[in-house]
1. Looking at the structure I just gave you, is A:M114 facing chain B (nearest Cβ under 7 Å) and either more than 18 Å from B:Q213 (Cα to Cα) or touching a residue at least 40 places away in the same chain (Cβ under 8 Å) (or both)?
2. State all residues of the range B:45-83 that are within 14 Å of chain A (Cβ to nearest Cβ) and more than 30 Å from the chain's Cα centre (by Cα); if no residue qualifies, say none.
3. Going by the conditions given, is A:A95 within 12 Å of another protein chain (Cβ to nearest Cβ), closer than 22 Å to B:H4 by Cα and among the small types (G, A, S)?
4. Has the range B:14-24 got any residue that is near DNA strand D (Cβ under 10 Å from one of its atoms), more than 27 Å from the chain's Cα centre (by Cα) and without any contact (Cβ under 8 Å) to a residue 24 or more places away in the chain?
5. Consider only pairs whose beta carbons are under 6 Å apart and that are at least six residues apart or on different chains; among these, list those whose first residue lies in the range A:40-60 and is closer than 19 Å to A:A70 by Cβ and whose second residue is assigned to a loop (DSSP other than H, G, I, E, B) and within 12 Å of DNA strand D (Cβ to nearest atom).
6. Grab the helices (runs of 4 or more DSSP H) fully contained in the range B:1-107, keeping just those with 1 or more residues being of a type outside the set (F, W, Y) and away from DNA strand C (no atom under 16 Å from the Cβ).
7. May I ask you to list the residues in the range A:219-231 that are surrounded by fewer than 16 Cβ atoms within 10 Å (Cβ to Cβ) and in a strand (DSSP E or B)?
8. Looking at A:E103, A:E48, A:E11, A:E64 in this structure, which one is in contact with a Lys or Arg (Cβ under 8 Å, 6 or more places away or on another chain) and not β-branched (V, I, T)?
Number of protein chains: 2
Amino acid sequence: MLTHTAEDYLERIYMLSLRLERVKSSDIAKEFGIRTPSVISALKLLKEKGFVHYRKHGAVTLSEKGMERALDVYDRHKTTYRFLRFVLGVPDGIASADACGMEHSVSPETADAMKDFFSFIRLKKDAGVDIQGEFQKFRKEKPTVGKRARYSDTDSGTRRLSVVKDGIRCVILKLDGDREVKRRLLDMGVIPGETVEIRNRGPLGFPIEILIQGYVLTLRRDEAESVIVREA
Amino acid sequence: MLTHTAEDYLERIYMLSLRLERVKSSDIAKEFGIRTPSVISALKLLKEKGFVHYRKHGAVTLSEKGMERALDVYDRHKTTYRFLRFVLGVPDGIASADACGMEHSVSPETADAMKDFFSFIRLKKDAGVDIQGEFQKFRKEKPTVGKRARYSDTDSGTRRLSVVKDGIRCVILKLDGDREVKRRLLDMGVIPGETVEIRNRGPLGFPIEILIQGYVLTLRRDEAESVIVREA
DNA sequence: CTATAAAATTAGGCAGACCTAAAATAAGCC
DNA sequence: GGCTTATTTTAGGTCTGCCTAATTTTATAG
């Protein structure tokens, strides 16, 4: 319904209104580092859509609808920023910049999960387990991470991951099968060129637990069947 | 240098190339749910800029430069997706959609931090501490979170946070002072309407540790000075 | 090998988000 | 109050990213 840019305008108007008596178009322009005419035309659109009140040469204010939206975006910004900064330990400036972009894509579900993660961490801390602190310490001590292998094509011993035995390291050659399954696999990082290894499996042989890029995933039989691999 | 959309095209071309012999413009269109002419013009631009190889009625392939960028975006996508899905426990479809938007804003620093967080969690798990599992359990047991108070203006007993005593709950009324300081405070969620409480402080009185929206932050003296509050 | 169907491309249009240059309005000063 | 200066707005332009409709090219069937 609203573009990212429009959301940004609302958010900024809100933030400016917290520290300025009257928010003028030029304030917004300064804030974004763009020219006033650009702001004016953006404001016209926002006014047409009922998100702001604005008269020629007057101050900009958010309508009820605009305020609601601004608070919503701002909440996601804040949550994302805090998460990056205090959970992941990303430096201030970078966290801020990343949050500016990410806020528009963060769903309420994700934002809630982040908030809950704070509470969780806090609870643990009160119980004497400092997850944040331990993570930061961990990062300091283990600064390097391996790089991903590149795709390479040979066809000796190709088979489906569903028939590979546990503990055998394989290179993923190709994905196959249902579109939706492929999307999931690709999302999880099950992609050609990566190395996988079956780590464990359910009592009936499936689901299998695979180790990929240092991370453990669980695959159902149909998913494992659409992964074509070769022994590494 | 490249727009988000252009990055999306490169990423999609890469993903399609993993499962399709020849990637045609119509495949891309189908993937994005847009019309072929739109794809054609996007491809022309990408070709001009040297990111793809493409001839009329032919297949699309990524150039070296294009492949590099595609892998880069894809890596951020994957990392973000995994993080949302497996650390925060966001449902599959939502995690996927969020990651699609967030990938363009995630800096290398943030991506690295997320990757390290995986390793960290895995290390802890091997040591018998299942952070993920505990977090999910925590979420199930504690489903509700309080809402944020709205801004309200009265001027009885307003003062700066820097002079407030420990353990007194205050409502933030306004921010004041240096632009950069304000930005940081706003980013952290120190905004009008929120309730704060000083929890602890350094040996010299500063920095102070405040509790805000269930989260603990540390503020330096200058930061505390630009926060104007009223006792709640 | 031609007729027809399907797919890809060109042409042209529209909205968003920015710009510069020029005109209109508001503010400050004697 | 009138004049200069600063600010704001209008006018008009560009580029991206999508669209539809028309055209061209390729594929398919008889």
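1. Values: facing chain B (nearest Cβ under 7 Å): yes; either more than 18 Å from B:Q213 (Cα to Cα) or touching a residue at least 40 places away in the same chain (Cβ under 8 Å) (or both): no.
No: the conditions fail for A:M114.
2. B:T61 - this is the single residue of the range B:45-83 that is within 14 Å of chain A (Cβ to nearest Cβ) and more than 30 Å from the chain's Cα centre (by Cα).
3. Values: within 12 Å of another protein chain (Cβ to nearest Cβ): yes; closer than 22 Å to B:H4 by Cα: yes; among the small types (G, A, S): yes.
Judged against the criteria, A:A95 is a match.
4. no
5. A:L43/A:Y54; A:K47/A:Y54; A:A59/A:R22; A:V60/A:Y54
6. Working: elements: B:4-19, B:25-32, B:36-48, B:64-82, B:92-102.
Filter on the range B:1-107 gives B:4-19, B:64-82, B:92-102.
7. Initial filter on the range A:219-231 (surrounded by fewer than 16 Cβ atoms within 10 Å (Cβ to Cβ)): A:220-222, A:231.
A:E231 - this is the single residue of the range A:219-231 that is surrounded by fewer than 16 Cβ atoms within 10 Å (Cβ to Cβ) and in a strand (DSSP E or B).
8. Details: A:E48 fails: in contact with a Lys or Arg (Cβ under 8 Å, 6 or more places away or on another chain); A:E11 fails: in contact with a Lys or Arg (Cβ under 8 Å, 6 or more places away or on another chain); A:E64 fails: in contact with a Lys or Arg (Cβ under 8 Å, 6 or more places away or on another chain).
After ruling out the rest, the residue left standing is A:E103.
The values are calculated or read from the model by the stated rules, or taken from the named source; none is laboratory data. Model, not experiment: these values are computed from the prediction. So basically every Cβ, Gly included, is an ideal-geometry build from the backbone, and we count neighbours across all protein chains shown.
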